[in-house]
Structure formats: C-alpha cells, structure tokens
1. Could you check how many residues of segment B:50-86 are at the interface with another protein chain (Cβ under 9 Å from one of its Cβ atoms) and assigned to a loop (DSSP other than H, G, I, E, B)?
2. In segment B:181-198, is there at least one residue being crowded, with 17+ Cβ neighbours inside 10 Å, under 26 Å from residue B:49 (Cα atoms) and in contact (Cβ under 8 Å) with a residue 24 or more places away in the chain?
3. Select, from A:67, A:59, A:35, the only residue that is without any contact (Cβ under 8 Å) to a residue 24 or more places away in the chain, within 14 Å of chain B (Cβ to nearest Cβ), surrounded by 10 or more Cβ atoms within 10 Å (Cβ to Cβ) and part of a helix (DSSP H, G or I).
4. Would you confirm whether any residue within segment B:30-49 is in a helix (DSSP H, G or I) and in contact with a strand residue (DSSP E or B) (Cβ under 7 Å, 6 or more places away or on another chain)?
5. Which of (1) loosely packed, with under 15 Cβ neighbours inside 10 Å; (2) closer than 30 Å to residue A:42 by Cα; (3) modelled with pLDDT of 85 or more does residue B:29 not meet, given it meets every other one?
6. Might you check whether a residue that is crowded, with 17+ Cβ neighbours inside 10 Å, out of contact with any strand residue (DSSP E or B) (no Cβ under 7 Å at 6 or more places or on another chain), touching a residue at least 40 places away in the same chain (Cβ under 8 Å) and outside any helix (DSSP H, G or I) occurs anywhere in segment B:133-142?
7. Taking the condition of being more than 16 Å from residue B:141 (Cβ to Cβ), part of a loop (DSSP other than H, G, I, E, B) and touching a helix residue (DSSP H, G or I) at 6+ places or on another chain (Cβ under 9 Å), how many residues in segment B:6-29 meet it?
C-alpha cells in the first residue's frame with residue numbers, strides 16, 4: 001500500500017469532477033426542480049382563487065335571481081292593476097256610449113213622431129176638406145176655405 | 001489466477017497489487033511487478049488501474065447526469081431525469097438540513113462525492129476475478145478494479161475536502177479567526193500550545209478519518225470477497241451471495257457517510273464557535 005502520485009491524480013480529477021458538476025449538472029436540474037415546485041404552488045394558488053371566484057359568482061347569481069323575481073312580481077302586479085284600470089275605463093266608455101246612442105235614438109224617435117204628426121195634420125186637413133165637400137155636396141172654394149181648414153188642422 | 005503455480009497467499013497478494021507505473025530504481029520506466037518493486041518506485045509512481053476506474057466512473061457519472069440535465073423538463077420528466085432528480089433532491093435535502101449558510105459549491109460537491117464514491121464502491125460487487133482475469137488475458141499483469149480500496153484515492157478526496165475546510169475557514173473567519181479557533185480554545189489564551197495540539201489533532205483527524213473509514217471498509221470487503229474466491233468453486237456462492245447482499249448496504253452507507261461528513265465539516269468551517 002504505497003502513497004504515491006495517484007493521490008494527486010485523484011485530487012485533481014476530483015476537483016475537475018466537482019467543478020463540472022457545479023457548472024453543468026447541478027444548476028439546470030435544481031432550476032428545473034425549483035421551477036416545478038413554483039409551478040405547483042402557482043397552480044394550487046390559482047385553484048384556490050378560482051374556487052373563491054366561483055363562490056362569489058354563485059352568490060351573485062342567487063342575488064340577481066332573487067332581484068329579478070321581485071321585479072317580475074312587481075311588473076305583474078302593475079300589469080294587473082293596469083288591466084283592471086283599462087277594463088274599468090272600457091266599462092265606463094261603453095256605458096257612456098250606450099247612453100249617448102240611446103239618447104240619439106230617442107231624439108230621432110221624437111223627431112219622427114213630430115214629423116208624423118205634422119204629416120197627419122196636413123193629411124187631416126185634406127181629408128176634412130174632402131169630407132166637408134162630400135157632406136156639402138158642393139164644391140167649396142178651396143182658396144176661400146183653406147184658411148179655415150188650416151186653422152182647424154192646427155187645432156187638431 | 002495469473003500463473004499456474006498458484007498458492008492462496010500469492011493469489012491474495014496478486015489481487016491486492018495495483019498496476020503501478022513508475023521509475024524502477026535502475027532508472028527505467030515501466031510497470032512494477034510485485035509489491036517490492038512498486039514500493040521501490042517511491043512517491044513518483046501512479047496506479048494506472050485506480051486512475052482508469054476512478055476517472056472512468058467519474059466520467060460515467062457526469063455523462064449520465066449531464067445527459068439528464070441537458071434535456072431537463074419541468075413538466076414531463078423522463079425515467080433518467082426522475083432518477084437524477086431523486087439523487088439531486090436527496091443530496092440537496094441532506095445539505096440543507098446540515099448546512100445553513102450560502103455556498104454554491106457544497107451541494108454539487110456533495111452530489112459528486114456521493115455518486116462517484118458509490119460508483120467506485122459498486123465495482124466491489126463485480127466478481128473479483130472477472131476483470132483482473134480479462135486484463136491478464138490482454139497482457140496486463142495486475143488489475144484492481146475498486147478504486148476506493150486504494151488509499152491514494154480516498155486520501156486524494158479527503159485531502160481535497162481538507163483544503164476546502166481550511167479555505168472556507170479562512171474565507172469566512174479570516175486568518176486571525178481561524179488561527180484563534182485553533183489556539184484560543186478550549187482553554188483560553190494561557191494554554192495556547194495545549195490548545196493548538198488539541199485542535200490541530202482534531203483538524204488533521206478529519207481528512208485522515210474520512211479517508212481511512214472509506215478505505216478500511218472497502219478494503220476489508222474486497223479482502224473477504226478474495227478470501228471467498230479461494231474456496232472451492234461449488235460453495236463460493238453460499239458465502240459470496242450473502243456477503244454481496246450485505247455489501248450493497250455497506251457501499252451505499254459508506255458513500256453517504258463520506259458525503260455527510262464532508263457537509264458537516266464544511267458547515268463547521270462556516271460557523272463560529
């Protein structure tokens with residue numbers, strides 16, 4: 001077992017190996033390991049954040065749903081009110097229209113009656129004249145007597 | 001099994017002999033044949049097998065991890081990347097638990113130590129005769145395949161760690177802080193020589209224990225594999241299989257201990273007492 005130059009050769013090769021390992025082997029591997037652990041940490045972080053976001057969104061959605069339900073109820077109520085109002089208005093209108101029509105009809109009827117009376121009156125005068133003519137057996141001077149007859153007719 | 005007239009002790013010695021290249025005492029350069037020749041070469045010789053396997057395994061480790069690092073994907077990691085990430089995360093975790101300062105060197109250093117030492121230890125599980133026998137067939141007389149059973153390899157690493165300990169101690173605490181740490185505790189300034197002795201031994205014990213622990217464990221394990229290999233071939237499996245299974249634990253554990261102690265020593269170097 002001799003101590004000889006091998007010792008120095010070993011020390012030199014050891015130094016070279018360590019240097020090479022330090023320069024070309026260790027840094028890329030350790031960098032990859034660190035990057036991976038960072039990536040994993042980031043991923044977990046993102047997952048947590050996403051979960052929180054989801055919770056928030058759900059809450060928001062629920063709230064919006066509630067709001068819109070309330071709004072819908074309000075709108076329906078308003079619509080019902082409005083419908084009732086319209087119905088009432090329509091009823092009133094119909095009543096008024098009916099009344100108006102009835103009044104007009106009544107007026108027309110009255111007018112017709114007056115007109116018929118007038119016609120009858122004129123006819124009566126003619127009839128009375130004809131009757132008097134027949135009764136007197138003589139022709140009556142229409143002109144002379146028309147005044148009397150008309151007076152008579154007016155009195156009818 | 002290098003020669004026909006094989007005895008147990010020469011077999012063991014042959015297996016524990018590194019392929020040493022150096023200058024013979026007579027001035028010629030070449031491979032040492034036998035332990036005496038290798039010892040005679042002194043310091044200026046090199047274990048070719050240790051260097052080959054340690055550098056080869058180191059390159060294998062870096063090639064594999066670089067391959068994963070080059071096409072690293074954040075979203076869809078493939079099989080190799082999963083494995084590499086697992087190792088990196090494991091080492092990173094260990095470093096973060098022990099070392100609280102800021103230092104870009106320690107984590108890659110720990111990863112390199114862990115994987116490299118593990119791979120070198122793993123060679124222990126290759127049956128002891130496979131590669132040496134193959135090498136003999138190719139004309140290479142000695143071939144030790146487990147670099148961590150060579151004290152040079154473990155000391156080479158632990159001394160590098162020691163240099164880092166001293167470097168960071170001085171960098172963080174300054175020269176005076178480092179010297180003060182060595183001399184002014186545990187007994188105050190009137191006991192400086194004694195403190196220096198105590199702390200100096202403590203400091204030097206770190207690389208020595210680091211190297212010897214790994215070397216000792218793997219050397220012993222290898223030796224037992226070699227001893228098992230001497231037994232008649234029919235019963236070898238009964239011992240080598242349990243030992244190999246147990247050894248799987250040992251090689252991982254020793255790699256982990258080397259890494260952990262390096263981190264602990266360096267984190268001590270960064271902290272004031």
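The values are calculated or read from the model by the stated rules, or taken from the named source; none is laboratory data. What you see is a predicted model, and the numbers here were worked out from it, not measured in a lab. Virtual Cβ from ideal backbone geometry, glycine too; neighbours counted across all protein chains shown.
1. At the first step, the residues of segment B:50-86 found to be at the interface with another protein chain (Cβ under 9 Å from one of its Cβ atoms) are B:50-51, B:54-55, B:58-59, B:61-62, B:65-66, B:68-70, B:72-75, B:77, B:81, B:84-85.
Next, from what is left, pick out any that are assigned to a loop (DSSP other than H, G, I, E, B): B:72-75, B:77.
So the count comes out to 5.
2. No, segment B:181-198 contains no residue that is crowded, with 17+ Cβ neighbours inside 10 Å, under 26 Å from residue B:49 (Cα atoms) and in contact (Cβ under 8 Å) with a residue 24 or more places away in the chain.
3. Numbers: A:67 fails: within 14 Å of chain B (Cβ to nearest Cβ); A:59 fails: within 14 Å of chain B (Cβ to nearest Cβ).
Within the list A:67, A:59, A:35, the selection yields A:35.
4. From segment B:30-49, those in a helix (DSSP H, G or I) are B:35-40, B:48-49; that's our starting set.
With in contact with a strand residue (DSSP E or B) (Cβ under 7 Å, 6 or more places away or on another chain) added as a condition, the list becomes B:38, B:48.
Yes, some residue in segment B:30-49 is in a helix (DSSP H, G or I) and in contact with a strand residue (DSSP E or B) (Cβ under 7 Å, 6 or more places away or on another chain).
5. With (1) loosely packed, with under 15 Cβ neighbours inside 10 Å; (2) closer than 30 Å to residue A:42 by Cα; (3) modelled with pLDDT of 85 or more applied to residue B:29, the lone miss is (2).
6. yes
7. 1
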